[in-house]
Amino acid sequence: MPEWIPFVVFTAWCAALSVIDATTLRLPNASTLLGAVAVLGYGVATGRGSVAVIGGLLLALLYLTVHLLAPSAMGAGDVKLAIGVGAAAALGGGEAWVLAALLAPLGTAVAGLVLIVRRRRSGRTVVPHGPFMCAATVFALVAG
């Protein structure tokens with residue numbers, strides 16, 4: 001199977017989750033966990049299962065720590081999404097994983113600052129993190 005096919009499927013999964021998170025501020029368990037299983041399965045099928053598992057667990061543990069210390073800063077859906085995007089980024093290599101892990105919170109922080117500066121009157125001050133996790137991972141995979 002050509003390498004671009006799994007990338008396109010991963011990107012479509014990320015796009016769907018990003019739209020859901022941006023509109024509902026929720027990441028459905030079925031979607032996040034099924035995607036994570038698919039990415040981990042791809043890692044196993046390509047002989048890089050341990051890399052995928054380690055990358056997914058490391059990112060999920062980082063996100064779980066933030067979620068437990070500041071539950072209002074990060075939702076449980078982001079922790080579950082971290083398994084799939086962390087595994088995918090790890091399959092792209094160590095540099096891709098680090099880039100994705102750093103760019104996601106940076107993107108969310110910049111978006112939050114833009115909302116503050118613009119002083120949006122919509123009442124919505126929550127910035128969904130899932131779209132930035134997905135975008136950062138896709139970017140890191142392309143850059144790597």
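Computed from the coordinates by the stated procedures, all read-outs in this text should not be read as laboratory data. Since we're looking at a predicted model, the values are computed, not measured. As a convention, Cβ positions derive from the backbone with ideal geometry for all residues, glycine included, and neighbour counts pool all protein chains shown.
Laid out as a table, the results:
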| read-out | value |
| --- | --- |
| Anisotropy class of the range 6-80 from Cα gyration tensor, a/c 1.5 cut | oblate |
| Residue-span extension gain [Leu106 to Thr23] - 0.36 nm each, minus C-alpha spacing | 27.8 nm |
| Förster radius 25 Å - calculated FRET efficiency between Thr46 and Val126 (Cβ-Cβ, nearest 0.05) | 0.10 |
| Square roots of five times the Cα gyration tensor eigenvalues for the chain, Å | 26, 15, 14 |
| Tilt relative to the chain, helix 49-69 - C-alpha long axis, 0 to 90 degrees, to 10 | 20 |
| Distance between modelled label sites at Val117 and Leu33, nm, 7 Å Cα→Cβ extension | 4.0 |
